[in-house]
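The values are calculated or read from the model by the stated rules, or taken from the named source; none is laboratory data. Since this is a predicted model, take the numbers as computed values, not measurements. Neighbour counts run over all protein chains shown; Cβ positions are idealised from the backbone, glycine included. Protein only, heavy atoms only, side chains kept; ligands, DNA and RNA dropped before computing areas. Shrake-Rupley method; radii C 1.70, N 1.55, O 1.52, S 1.80 Å.
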Amino acid sequence: GPDAFVGMIGLGTIRPGQLCLITGSSHLHCLITNQPTSAPGTWGAYRGAPLAHTCFAEGGQSSTGSLVRWVRDLVSGPGDDEKIGYDELD
């Protein structure tokens, strides 16, 4: 969605052939192409996204980031100040 487009631009993924990983409540692999490109299990191609004269396709796992947060909350204490850091889950 639009938040992934903004993330792609922020990461500098703006030229055909570039790929980025966006993480949040889901994990997305986002690809910029010259031509509309699609494959089974992917979303897109979206023409003119994230920038004019480019195409965008994505694939990923919905809710994986939310699952990581749930596990962190499960193994942490009840208060916000007792939450372990994501780096400690490794």
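The figures follow:
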{"item": "Total residues in region 2-25, condition at pLDDT below 85, exposed (fewer than 15 other Cβ atoms within 10 Å of the Cβ) and under 24 Å from R72 (Cβ atoms)", "result": "4"}
{"item": "Region 44-90 - residue that is outside any helix (DSSP H, G or I) and aliphatic (A, V, I, L, M) and, of those, farthest from P16 (Cα to Cα)", "result": "I84"}
{"item": "Extreme residue, least open to solvent (accessible area, probe 1.4 Å), among residues of region 77-90 that are under 30 Å from L31 (Cβ atoms) and not charged (D, E, K, R)", "result": "L89"}
{"item": "Selection status of L31, part of a strand (DSSP E or B), surrounded by fewer than 15 Cβ atoms within 10 Å (Cβ to Cβ) and within 18 Å of the chain's Cα centre (by Cα)", "result": "no"}
{"item": "Single residue of L51, L74 found to be over 15 Å from P2 (Cα atoms), open to solvent by 60 Å² or more (accessible area, probe 1.4 Å) and either in contact with a strand residue (DSSP E or B) (Cβ under 8 Å, 6 or more places away or on another chain) or not polar (S, T, N, Q) (or both)", "result": "L74"}
{"item": "Subset of region 34-48 that is on the phi < 0 side of the Ramachandran plot and not polar (S, T, N, Q) - its residue that is most open to solvent (accessible area, probe 1.4 Å)", "result": "R47"}
